[in-house]
Structure formats: structure tokens, C-alpha cells
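**Student:** Here's a structure for you.
The values are calculated or read from the model by the stated rules, or taken from the named source; none is laboratory data. Note that the structure is a prediction, hence the values are computed from the model and not measured. Methodologically, a virtual Cβ is constructed for each residue, glycine included, from the backbone with ideal geometry; neighbour enumeration extends over all protein chains shown. Accessible surface areas use protein heavy atoms only, side chains included; no ligands, DNA or RNA. Shrake-Rupley method; radii C 1.70, N 1.55, O 1.52, S 1.80 Å.
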Amino acid sequence: MTGGLVGSQTPLADRFDLALVDLDGVAYRGHEPIDGAAEGLTSARARGMRLVFVTNNASREPESVADQLTELGIAAEPSEVMTAAQAAAQLLLTRLPRGSKVLVVGGAGLVTAVRAAGYLVVESADDDPAAVAQGFAPEVGWPQLAEAAYAVGRGAWHVASNLDLSLPTARGFAPGNGSLVGAVRAATGVVPDSAGKPSPTMYDMAVERVGARETLVIGDRLDTDLAGARAGGYIGLHVLTGVSSARDDVLAVPGERPHLIGADLRSLLVAHPEPQQGSEGWWTVRGASARVLDGRLELGRGTPSSVEDEVDVVRAACAAAWTAVDAGVELDPTSVPELATTLDHD
């Protein structure tokens with residue numbers, strides 16, 4: 001598997017038998033639906049694609065997540081949800097005996113997962129926990145963070161469900177678990193271990209749970225979802241409905257580059273053209289073209305007239321930029337415009 005974009009001559013829902021789907025910024029935004037999500041996933045499932053929803057959010061239990069998806073028109077069962085809380089519990093099992101005390105800082109989902117793994121959940125550093133499991137929950141505040149800092153400062157193993165700095169909501173981006181974990185790290189000087197994306201642990205767990213011939217990872221964040229796909233050896237689809245933008249794709253470092261790019265989850269239902277290299281350094285994708293000349297990105301002439309046209313511009317720009325950078329060219333970031341402006345979100 002190379003570091004560039006790949007193509008698919010058939011719709012992705014026909015090629016891949018399993019999709020690992022991120023939630024916030026992909027299937028929904030906060031409590032609001034995302035255009036095309038229900039249509040894309042429902043149609044993909046009808047074609048035979050199995051779905052597992054894989055989220056770095058550790059605050060909620062799988063039943064709650066499945067209920068929300070179903071209310072938004074995306075039928076889901078709790079067994080189809082894999083959370084960072086479950087991954088954190090699996091990480092604890094790698095070195096902590098069952099029956100050990102674990103201070104849980106987070107929501108019901110993390111408490112349930114840690115207990116299900118066989119640990120005794122405590123709420124105070126004075127209970128001498130062997131580990132601190134920390135995940136996001138809206139109710140987490142200074143008292144809980146202080147208990148975590150006290151315990152970690154006394155030698156408890158600090159395990160974070162994930163390190164996402166921000167969390168997409170209907171109102172914008174709010175502090176994520178990584179921001180809260182950062183407070184404990186700043187207080188203690190201890191770097192935590194993390195179970196969530198970009199570690200591919202959850203992806204591997206999901207594939208092992210259901211089995212698959214060929215797996216597709218779908219996400220909106222390059223630094224977590226797509227980095228996890230690269231780390232785990234999975235094909236990754238970046239949908240432009242969440243945190244990372246089309247411009248971010250062009251400027252992505254090799255370990256965070258997507259293999260495929262789509263406007264939204266309806267991109268599961270179409271073929272994806274592979275960029276083609278032409279003369280004079282131009283890369284083309286159907287009617288779109290791009291090249292890097294003297295360190296600056298140039299786009300071919302023409303005005304995109306459809307969503308797919310805009311995505312093709314992004315694909316061509318990525319192919320040109322990544323090829324140049326991998327050849328040792330220093331790309332001038334000021335030459336990269338805000339691509340696909342009708343697709344990106346504030």
C-alpha cells in the first residue's frame with residue numbers, strides 16, 4: 001500500500017464488505033444529522049456492506065449510541081458500536097490484573113467498560129487505584145481532574161481513552177478528551193497511554209469481532225481516523241463533513257493521508273477515479289488538474305459545476321502535492337487555496 005490516493009472502479013459499498021464508521025463529524029454532528037449520512041449508510045448496507053461504528057467518544061454506552069443513530073435514520077444495534085471506552089478497557093488488560101482498582105474519570109460508557117473487564121471502579125485517589133482511566137464526559141470538571149492528578153502523581157498508570165483535542169458539536173468545536181487529559185499531564189508531567197485513534201486498536205477489535213474480507217475505515221479527522229487507518233494497514237476514506245478540510249488533505253503528512261476522498265457518506269455509492277500523471281507535471285482526475293511548479297501548487301483552469309467536480313479538484317491537488325513533497329520539494333502552503341469551499345464546514 002503506497003502513500004498516495006487509490007481508485008476504485010466499482011462503488012466502495014460493492015468493493016468493501018466492512019466499513020468502520022466514525023460518528024461525530026461523519027454520521028452526525030452533535031445531535032444533528034449530516035446530509036447524506038443516512039442515505040449513504042442505508043444504501044451501502046442494502047448492497048451487503050456491514051457497518052461497525054467506531055468512535056473515540058468514551059462517554060456513552062453502545063446502547064445509547066445505537067439509539068441515537070437509529071433516531072437519525074441509521075439503523076444500528078449495540079453490537080455494531082465500538083467505543084474508545086472498550087478499547088481503553090482492553091489496554092488495561094494488557095498489564096493490569098483483573099480485580100485491580102481503577103479510578104475512572106469519564107462517563108457511564110467508560111465505567112461500564114472498565115467494570116466489564118473485571119476491575120473495581122473507584123472515585124478517589126485515596127482508594128489507592130492502580131490505574132486511572134480517563135475519557136470524555138460533559139460532566140467532567142476540576143474535582144475529577146484533580147483526583148486523577150493526585151492518583152497519577154502517586155504512581156497510578158494513566159490510560160486515556162483518546163487524545164482528541166476538540167469535539168465537534170452542533171454549535172462548533174468544543175474541548176475534547178485530549179484537552180482534559182492535557183490538564184492532568186500538565187499537573188503531573190506524566191505522559192498517558194492512549195487506547196483510541198490514531199492507535200488502530202479499535203479497528204483491529206472491530207474486524208476481529210465481525211470478520212471481514214476487505215475493510216474500509218471512514219472518518220473526518222486526519223490525525224485520528226485516517227492516521228489510524230494508515231497505522232493499521234487499512235484503506236481510509238476521508239469525508240469532508242467534519243474537522244479536517246480539503247486543504248488539510250493537500251497538506252497532510254504521509255502518516256495521515258487518506259487513500260480516498262469523498263464529500264459525504266454518499267461517496268460509498270460511487271466509483272472513485274484514481275489520479276493520473278500526465279505531461280509537464282500535471283495530475284488529472286477527469287476534468288480536474290493540478291501540478292506543483294517551483295514549490296507552488298497550480299490548479300488547472302475550469303470551474304467545478306458539481307460536488308464530484310470539486311472533489312476531483314481535491315484529488316488532483318493531493319496527487320500533485322504529495323508527489324512533489326515525497327520527492328523532496330518544499331511546498332509553499334500559501335499556494336494551497338481553500339479547496340472545495342461548498343464542502344468544508346466551519
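**Student:** Go through (1) more than 16 Å from residue 8 (Cα to Cα); (2) open to solvent by less than 40 Å² (accessible area, probe 1.4 Å); (3) out of contact with any strand residue (DSSP E or B) (no Cβ under 7 Å at 6 or more places or on another chain) one by one and return the number of the condition residue 285 breaks.
**Tutor:** Condition not satisfied by residue 285: (1).
**Student:** Which of the residues spanning region 308-318 are of a type outside the set (D, E, K, R) and either out of contact with any Leu (no Cβ under 7 Å at 6 or more places or on another chain) or farther than 21 Å from residue 252 by Cβ (or both)?
**Tutor:** 311, 316
**Student:** Which condition does residue 276 not pass, out of (1) farther than 26 Å from residue 34 by Cβ; (2) at pLDDT below 95, if it passes all the others?
**Tutor:** Tallying (1) farther than 26 Å from residue 34 by Cβ; (2) at pLDDT below 95, residue 276 fails exactly one: (2).
**Student:** Please enumerate the residues belonging to region 228-287 that are closer than 18 Å to residue 25 by Cβ and of a type in the set (Asp, Glu).
**Tutor:** Result: 248, 249, 256, 264.
**Student:** In this structure, does residue 201 turn out to be farther than 28 Å from residue 5 by Cα and either touching a residue at least 40 places away in the same chain (Cβ under 8 Å) or touching an Asp or Glu at 6+ places or on another chain (Cβ under 7 Å) (or both)?
**Tutor:** For residue 201, the condition - farther than 28 Å from residue 5 by Cα and either touching a residue at least 40 places away in the same chain (Cβ under 8 Å) or touching an Asp or Glu at 6+ places or on another chain (Cβ under 7 Å) (or both) - is not met.
**Student:** Pairs, please: C-beta under 7 Å, at least 6 apart or cross-chain, first residue open to solvent by less than 50 Å² (accessible area, probe 1.4 Å) and in region 123-150, second part of a loop (DSSP other than H, G, I, E, B) and aliphatic (A, V, I, L, M)?
**Tutor:** 129/156; 130/96; 130/156; 131/96; 131/156; 132/156; 135/58; 136/58
**Student:** Among the residues in region 104-115, are any surrounded by 15 or more Cβ atoms within 10 Å (Cβ to Cβ), over 27 Å from residue 78 (Cβ atoms) and either of a type in the set (Ser, Thr, Tyr) or out of contact with any Ser or Thr (no Cβ under 7 Å at 6 or more places or on another chain) (or both)?
**Tutor:** The answer is no; no qualifying residue exists.
**Student:** Check whether at least one residue in region 291-299 is within 18 Å of residue 238 (Cβ to Cβ) and in contact (Cβ under 8 Å) with a residue 24 or more places away in the chain, and report yes or no.
**Tutor:** No, the conditions are met nowhere in region 291-299.
**Student:** Can you tell which of 310, 298, 330 is assigned to a loop (DSSP other than H, G, I, E, B) and of a type in the set (Asp, Glu)?
**Tutor:** From the options 310, 298, 330, the qualifying one is 330.
**Student:** If you check residue 279 against the conditions, is it farther than 30 Å from residue 46 by Cα and open to solvent by 40 Å² or more (accessible area, probe 1.4 Å)?
**Tutor:** It is true that residue 279 is farther than 30 Å from residue 46 by Cα and open to solvent by 40 Å² or more (accessible area, probe 1.4 Å).
**Student:** For region 85-99, which residues satisfy the criterion of being among the small types (Gly, Ala, Ser) and in contact with a strand residue (DSSP E or B) (Cβ under 7 Å, 6 or more places away or on another chain)?
**Tutor:** 88, 99
**Student:** Hand me the list of strands (runs of 3 or more DSSP E) wholly inside region 173-288 holding 2 or more residues that are in contact with a His (Cβ under 7 Å, 6 or more places away or on another chain).
**Tutor:** 235-239, 260-262
**Student:** Evaluate the following for residue 159: is it part of a helix (DSSP H, G or I), within 20 Å of residue 91 (Cβ to Cβ) and either touching a residue at least 24 places away in the same chain (Cβ under 8 Å) or open to solvent by less than 60 Å² (accessible area, probe 1.4 Å) (or both)?
**Tutor:** Criteria not met by residue 159.
**Student:** Please determine, by comparing only the residues of region 162-172 that are among the aliphatic types (A, V, I, L, M) and part of a loop (DSSP other than H, G, I, E, B), which one is most open to solvent (accessible area, probe 1.4 Å).
**Tutor:** My answer is 165.
**Student:** Among the residues of region 41-52, is any within 18 Å of the chain's Cα centre (by Cα), open to solvent by less than 20 Å² (accessible area, probe 1.4 Å) and within 26 Å of residue 172 (Cβ to Cβ)?
**Tutor:** Taking every residue of region 41-52 in turn, at least one turns out to be within 18 Å of the chain's Cα centre (by Cα), open to solvent by less than 20 Å² (accessible area, probe 1.4 Å) and within 26 Å of residue 172 (Cβ to Cβ).
**Student:** Considering each of 175, 138, 143 in turn, give the residue that is out of contact with any Phe, Trp or Tyr (no Cβ under 8 Å at 6 or more places or on another chain) and over 30 Å from residue 41 (Cβ atoms).
**Tutor:** Exactly one residue qualifies, and that residue is 143.
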